[in-house]
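Data first, discussion second: the structure below is written as C-alpha cells.
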Amino acid sequence: MANDPFFKLGRREFLDLAAGGFAMGVVAASPFAAVAQSAGGAPLKIGTIGAGREGGALGTLFAKHGHPVMFSSRHPEQLADLVADAGPTAQAGTVEQAVAFGDVILLVVPYTAVEQIGRDYGKALAAKPLVIDVSNPIARRDGDEIVTQVDQLGGAGLATAKLLPGARIVRAFNAIGSGQLTQGAHRPGEPIGVPIAGDDPDAVALATSLIKEVGFEPVLVGGLSMGKYLVPGTPLGGEHTPDEIRRIAATLK
Ligand SMILES: NC(=O)c1ccc[n+]([C@@H]2O[C@H](COP(=O)([O-])OP(=O)(O)OC[C@H]3O[C@@H](n4cnc5c(N)ncnc54)[C@H](OP(=O)(O)O)[C@@H]3O)[C@@H](O)[C@H]2O)c1
C-alpha cells in the first residue's frame, strides 16, 4: 500500500490525475506497456474464471469484439454451447488453462470461491497486468458468514486484494447484470456507466480502455477500498449514467 499512488496522493488527486492521463503515462513506462497499449488496438487474450451467467455474457462481449477468450469451468466440457455462441475467437478450458492463457483475467465466481482460487492460482494471477474482479459477496446466495468476513477485510475490493496477494485488481461490472451486458453495450445516446475501483494505475488504465471498447463508460470512483460500493444493493449498485456515478461517488468515502 505504501507504494500505491492512490494512497500516496489521496483520492481526489488520484482521480484528477488519472482522468488527465496520468494513468496512461504510468502505463507507457511500465513492464506491461505492450499489453496495455494494445487495448483498443490489437486483441488481448482474455481468460475467464467462471463462465456462468455473468462470466459467460462478459466473455462473449469481449469475444465479439475480436479478443481471444478462454472460458473456464471445473467442467469445461459443459461449455460447448457458450463457446459456439461466442464465436470463432472463443474456446473453453480448465481454470488452470484459462489462467495460463489470459493476458487479462475476468474473475466472475461466487465470492465464496475466491479464497480457494487465490490459494490455487494466486501466484499466476499476480503476474497478470489486470484481474477484473466482477465477483460480489451476496448474503442470500453466499451466506452471512462470507459477507461478515469480507466486511472485516474492508469490503469487496480490499478483501479480493487480500485473497489474491499481488494481483493488479480492478473491480468492474459488479452491478451490470448479464442481460444488460448484452443489450446495453454501445447503446444509443448516453452509455451505461460502469463504476470501477482499483489501486494500480496501469491496471486501471487497461480496464478503462477495455470497458470503453466493449461499449460502456468506465468511471473511476477510487481505490479498492471503494470496491464495496459497487456491490448490488449499495450506493453504486444498479444502473447509472456516468454523471450519476460521479455524483454518488462524491458522497462516499
Ligand atoms: N448474474 C449477474 O447478472 C451478475 C452481475 C454482476 C456480478 N455478478 C457476480 O458474478 C459472480 C458470478 O455470478 P453468476 O450469476 O455468473 O453465477 P453462476 O451463473 O452461478 O456462475 C458461477 C460460475 O463460477 C464458477 N465457479 C464456481 N466456483 C468455482 C471455483 N471454485 N473455481 C472456479 N470456478 C468456479 C462456476 O463454474 P463451474 O462450472 O466450475 O461450477 C460458474 O461458471 C457472482 O459473484 C455475482 O455476484 C453476477
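Taking the condition of being within 8 Å of the ligand (Cβ to nearest atom) and loosely packed, with under 13 Cβ neighbours inside 10 Å, how many residues in the range 175-185 meet it?
Of the residues in that region, 1 qualify.
Inside the range 191-206, can you point out the residues that are within 16 Å of the ligand (Cβ to nearest atom) and either within 17 Å of ASP133 (Cβ to Cβ) or in contact with a Cys (Cβ under 7 Å, 6 or more places away or on another chain) (or both)?
Of everything in the range 191-206, those that are within 16 Å of the ligand (Cβ to nearest atom) and either within 17 Å of ASP133 (Cβ to Cβ) or in contact with a Cys (Cβ under 7 Å, 6 or more places away or on another chain) (or both) turn out to be VAL194, PRO195, ILE196, ALA197.
Exactly one of (1) at pLDDT 95 or above; (2) within 16 Å of the chain's Cα centre (by Cα) is unmet by ALA39. Its number?
ALA39 satisfies all of (1) at pLDDT 95 or above; (2) within 16 Å of the chain's Cα centre (by Cα) except (1).
With the requirement that a residue be near the ligand (Cβ under 6 Å from one of its atoms) and part of a helix (DSSP H, G or I), what does the range 41-56 give you?
The answer is ARG53, GLU54, GLY55.
Specify the residue that is nearest to ARG168 (Cα to Cα); the eligible residues are those in the range 84-112 that are within 8 Å of the ligand (Cβ to nearest atom) and under 16 Å from the mean Cα position of the chain (by Cα).
In this case the residue turns out to be VAL108.
Within the range 191-201, count every residue that is surrounded by 24 or more Cβ atoms within 10 Å (Cβ to Cβ) and either aromatic (Phe, Trp, Tyr) or not in a strand (DSSP E or B) (or both). Show your work before the answer.
Taking the range 191-201 as the starting set, the residues that turn out to be surrounded by 24 or more Cβ atoms within 10 Å (Cβ to Cβ) are 194-200.
If we keep only those that are either aromatic (Phe, Trp, Tyr) or not in a strand (DSSP E or B) (or both) as well, we get 199-200.
Residues meeting the conditions: 2.
Please identify the pairs in which a residue from the range 49-61 that is farther than 17 Å from VAL194 by Cβ has its Cβ atom under 6 Å from the Cβ atom of a residue that is hydroxyl-bearing (Ser, Thr, Tyr) and within 6 Å of the ligand (Cβ to nearest atom), counting only partners at least 6 apart or on another chain.
ALA51/SER73; ARG53/SER178
Among the candidates VAL131, VAL214, which residue alone is within 21 Å of LEU44 (Cβ to Cβ), crowded, with 24+ Cβ neighbours inside 10 Å and either touching a helix residue (DSSP H, G or I) at 6+ places or on another chain (Cβ under 6 Å) or free of Cβ contacts under 8 Å to residues at least 40 places away in the same chain (or both)? Spell out the reasoning first.
Numbers: VAL214 fails: crowded, with 24+ Cβ neighbours inside 10 Å.
Checking each option against the conditions leaves just VAL131.
Can you pull out every residue in the range 114-128 that is within 12 Å of the ligand (Cβ to nearest atom) and either among the charged types (D, E, K, R) or free of Cβ contacts under 8 Å to residues at least 40 places away in the same chain (or both)? Full working, then the answer.
First, the residues of the range 114-128 that are within 12 Å of the ligand (Cβ to nearest atom): 114-121.
The answer is GLU115, GLN116, ARG119, ASP120.
Quick one: which residue in PRO232, PRO188 is away from the ligand (no atom under 16 Å from the Cβ) and either assigned to a loop (DSSP other than H, G, I, E, B) or at positive phi (or both)?
Every option except PRO188 fails the conditions.
Would it be correct to say that ALA80 is buried (at least 24 other Cβ atoms within 10 Å of the Cβ) and assigned to a helix (DSSP H, G or I)?
Spelling it out, it is not the case that ALA80 is buried (at least 24 other Cβ atoms within 10 Å of the Cβ) and assigned to a helix (DSSP H, G or I).
Evaluate the range 134-150: report whether one residue or more is closer than 21 Å to GLY56 by Cβ, over 14 Å from the mean Cα position of the chain (by Cα) and assigned to a loop (DSSP other than H, G, I, E, B).
For the range 134-150, residues closer than 21 Å to GLY56 by Cβ, over 14 Å from the mean Cα position of the chain (by Cα) and assigned to a loop (DSSP other than H, G, I, E, B): present.
The values are calculated or read from the model by the stated rules, or taken from the named source; none is laboratory data. Since this is a predicted model, take the numbers as computed values, not measurements. FYI the Cβ positions are ideal-geometry reconstructions off the backbone, even for glycines, and counts take in every protein chain you see.
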